[in-house]
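Down below is the structure, laid out as structure tokens.
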Amino acid sequence: MSDQTFISADSHVNISHDKVKERLASKWHDDYDRAVTAFAARMQRGAGKANAAGAKMETRRTEVGGSNSVFTRPGYSEGPARLEDMDIDGVDIEVIYSEVSAFRYLGAIGAGTNAAVKAFNNALTDFASADPRRLVVSYQVPIDDIPAAVQEIQRVAALGAKSLQLPVFPSELGLPDYHDERYDPLWSVVTETGLPVCCHIGLNTALDDLTQRDPTPQKGIMVPVTGLMTAEPLGMWIMGGVLERFPELQVVFVEPGLTWVVWWLWLVDDMVTRQGYQFPAISELPSFYFHRNVNLTFIDEPIGVQRLRDLIGVTNILWSTDYPHPVTSWPKSRMLAEEQFATVPEDERVLMTYGNAARIWRL
């Protein structure tokens, strides 16, 4: 694997509020700060509190050349330094997501929302400017105002965007789920641009109650449930008929892992073929749409890669390093990939570590 290209389908960047405000007219700064403060207050409880606890955990990988935490490395927020960290790790290209789901607070800015969205995405562009070919940022698209979302997608596409990030759970924002026709103009423009829609798991306020009841220090009961809850939006996309109406969409669920979907696909197909469930919005089995339109990222999951990849779908699996989170494979990603893919045929290994990502993001 030493000569093979590696693409991480899930890595992260810390975009500071100061960097956003540098690109935002000063008349909106107070409104921006109020929205951020309110968001920070919400993050102090429930699932947000658990996320913060997990972020403070030490990484399980031995760092190269020093004792500094991965979280304090300049590559977390500076493009040129990130390229250096990628070179250390042997990763050629990263698909990168902002550490903060800005669409959770940008919509609260009021009249300055659209300007703030542009400022935030411009900050992502500036981070990637160190090498746009290798640093593929996912532009965030708030969904409160669909015409504005359409305009922002058209704007970033004109800038050369290759990836879009949308909220996983519209219901958390008090909005209809993605099968609702209000989003059809959004899916139309996404289809026209050919950009994939990426939904990164994370803070899920529906888990606030479980978080309060979880007796473990790092909320170890709640954390695995976060990934499993991907079944909810996945069902909305598939059984809700979005992928029936817009067959060219590519949807990437980022960081939910792999193996759970084997049971899910079996169950929803069985609901149709044996149990007689009716899903009038679709004309094929649910698994058809998954294999045609949906992709999952993983970090270190030997069971999924070595034993279940045929059931998941080799063309639906995307390898990632999750830099710089506690579970990251950095700075030993190539070595760990060697171990994880040791029993996998070369052509399938290349698809999961490079080919699928190159196709989805048109790299």
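The values are calculated or read from the model by the stated rules, or taken from the named source; none is laboratory data. The structure presented is a predicted model; accordingly, all values stated were derived computationally and were not measured. Because the Cβ atoms are built from the backbone with ideal geometry, glycine has one as well, and the counts that use them run over all protein chains shown.
All but one of (1) among the hydrophobic types (A, V, I, L, M, F, W, C); (2) out of contact with any Gly (no Cβ under 9 Å at 6 or more places or on another chain); (3) surrounded by fewer than 17 Cβ atoms within 10 Å (Cβ to Cβ); (4) part of a helix (DSSP H, G or I) hold for Met335; which doesn't?
All conditions are met except number (2).
I'm checking my understanding of the structure. Among residues of the stretch 190-213 that are of a type outside the set (D, E, K, R), assigned to a helix (DSSP H, G or I) and surrounded by fewer than 18 Cβ atoms within 10 Å (Cβ to Cβ), which one is modelled with the lowest pLDDT?
Among them, the one singled out is Thr205.
Which of the residues spanning the stretch 232-259 are part of a helix (DSSP H, G or I) and crowded, with 17+ Cβ neighbours inside 10 Å?
If the condition is that a residue be part of a helix (DSSP H, G or I) and crowded, with 17+ Cβ neighbours inside 10 Å, then Pro233, Leu234, Met236, Trp237, Ile238, Val242, Leu243, Glu244 are the ones that fit.
Of everything in the stretch 255-314, what is touching a residue at least 40 places away in the same chain (Cβ under 8 Å) and on the phi > 0 side of the Ramachandran plot? Give them in sequence order.
Glu255, Gly257
Would you mind telling me which numbered condition in (1) in contact with a strand residue (DSSP E or B) (Cβ under 9 Å, 6 or more places away or on another chain); (2) assigned to a helix (DSSP H, G or I) His12 fails?
Condition not satisfied by His12: (2).
Please go through the stretch 252-300 and pick out each residue that is closer than 30 Å to Arg362 by Cβ and hydroxyl-bearing (Ser, Thr, Tyr).
Thr259, Ser283, Ser287, Tyr289, Thr297
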